[in-house]
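See below for the structure under consideration.
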Amino acid sequence: MRFASLGSGSRGNATLVSHKETTLLVDCGFSARETEKRLQRLDINANALTAIIVTHEHSDHINGVRVLARKYDLPVYATVGTASFLAVDVMGLVTEFNSHENFTINDIEINPFPVPHDAREPSQFVFNSGQHRLGLLTDVGMSTPVIEQALSGCDALLLEANHDLEMLDNSVYPEHLKYRVSGRLGHLNNVQSSKLLEKIDTSHLQHIIAMHLSEKNNSPNIVAPLFSQALSCDESWIGIASQNVGFDWRELR
Ligand SMILES: [Zn+2]
Ligand SMILES: [Zn+2]
């Protein structure tokens, strides 16, 4: 199984997960044209995509879903709550999934799990190739036992490290936005994410990548030392997904 990011952050998110003949696009927060451009950079033609899976309906995750799905006739997988926010004219392409039940798209099994976030029915995923498990967790205000169980023992983790709490507190954000971002239905801060890493089984980890970093209220220079401390590993091993580039293909062996 291999995976890559087209970009990660509040201005757009999209992740690729690929195994054998199956390539999934997880969220599509960029315009269709921008998505095509970013896919090209990763040597993927949108024609080669198998399906789009949507975590939740916030615009930084669904901006390009409608146009891309229609243009390439791509099936879209979403929970009932998320699907209710997708445009009516893609409904024929939508398959609803239950975030408590595993399902399979060709060569990849998807293990969804519900997360606390201020959306209608948000879920995040573990992707299972049979041999390896890749965990994805962004857009979540707090950890839960369900999340910890799902992410324990994964071979790779894409984990939100949204903000540094002090930077957010001192930022020019209006109070209601500070409250939203740091609240229990908002986003994980660096310390919360590090604590999650300390709590779960990370003994199989081949890759760890910090995701959805705030461009204003966070910095890779803060995240990398915290994650390396939590995992007792070298700082250079911590990957960071950027807004503009995401990260290049990585492989699980
Ligand atoms: Zn987001
Ligand atoms: Zn969100």
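The values are calculated or read from the model by the stated rules, or taken from the named source; none is laboratory data. All values derive from a computational prediction rather than experimental measurement. Glycine gets a Cβ as well: all are built from the backbone with ideal geometry, and neighbour counts include every protein chain shown.
If only residues of the stretch 169-209 that are more than 21 Å from the chain's Cα centre (by Cα) and surrounded by 15 or more Cβ atoms within 10 Å (Cβ to Cβ) are counted, the one that is farthest from ligand 2 (Cβ to nearest atom) is S171. Answer with yes or no whether I44 is within 27 Å of R253 (Cβ to Cβ), more than 16 Å from ligand 1 (Cβ to nearest atom) and assigned to a loop (DSSP other than H, G, I, E, B). In short, yes.
Filter the stretch 138-166 down to residues that are within 19 Å of A119 (Cβ to Cβ) and of a type in the set (A, V, I, L, M, F, W, C) and give me whichever is nearest to ligand 2 (Cβ to nearest atom).
From the stretch 138-166, those within 19 Å of A119 (Cβ to Cβ) are 138-144, 146-147, 150, 158-160, 162-163; that's our starting set.
Imposing the further condition that a residue be of a type in the set (A, V, I, L, M, F, W, C) reduces the set to 140, 142, 146-147, 150, 158-159.
Details: V140: 9, M142: 14, V146: 18, I147: 15, A150: 18, L158: 15, L159: 15 Å.
Checked the stretch 138-166; the qualifying residue nearest to ligand 2 (Cβ to nearest atom) is V140.
Output yes when any residue across the stretch 198-208 is under 16 Å from D164 (Cβ atoms) and at pLDDT 95 or above, and no when none is. Looking for residues that are under 16 Å from D164 (Cβ atoms) and at pLDDT 95 or above, one finds none in the stretch 198-208, hence no. The set of residues in the stretch 49-103 that are of a type in the set (D, E, K, R) and either away from ligand 1 (no atom under 16 Å from the Cβ) or surrounded by fewer than 14 Cβ atoms within 10 Å (Cβ to Cβ) (or both) comprises R66, R70, K71, D73, D89, E96, E101. Would you confirm whether or not the stretch 9-16 contains a residue that is more than 13 Å from the chain's Cα centre (by Cα), surrounded by 15 or more Cβ atoms within 10 Å (Cβ to Cβ) and either more than 25 Å from V140 (Cα to Cα) or more than 16 Å from ligand 1 (Cβ to nearest atom) (or both)? No. Here P225 meets the list (1) within 27 Å of H61 (Cβ to Cβ); (2) part of a helix (DSSP H, G or I) almost entirely, failing just condition (1). Just one of the listed residues (L165, L134, L159) is within 16 Å of ligand 1 (Cβ to nearest atom) and among the hydrophobic types (A, V, I, L, M, F, W, C), and it is L159.
Looking across the stretch 46-66 at every residue that is touching a Leu at 6+ places or on another chain (Cβ under 9 Å), more than 11 Å from ligand 2 (Cβ to nearest atom) and not aliphatic (A, V, I, L, M), the one that is farthest from K20 (Cα to Cα) is identified as R66.
So, in the stretch 241-253, exactly how many residues are in a strand (DSSP E or B) and either buried (at least 18 other Cβ atoms within 10 Å of the Cβ) or acidic (D, E) (or both)? Working first, answer last.
In the first step, residues of the stretch 241-253 are kept if they are in a strand (DSSP E or B); the result is 242, 246-251.
Restricting the remaining residues to those that are either buried (at least 18 other Cβ atoms within 10 Å of the Cβ) or acidic (D, E) (or both) gives 246-248, 251.
Summing the residues that are in a strand (DSSP E or B) and either buried (at least 18 other Cβ atoms within 10 Å of the Cβ) or acidic (D, E) (or both) in the stretch 241-253 gives 4.
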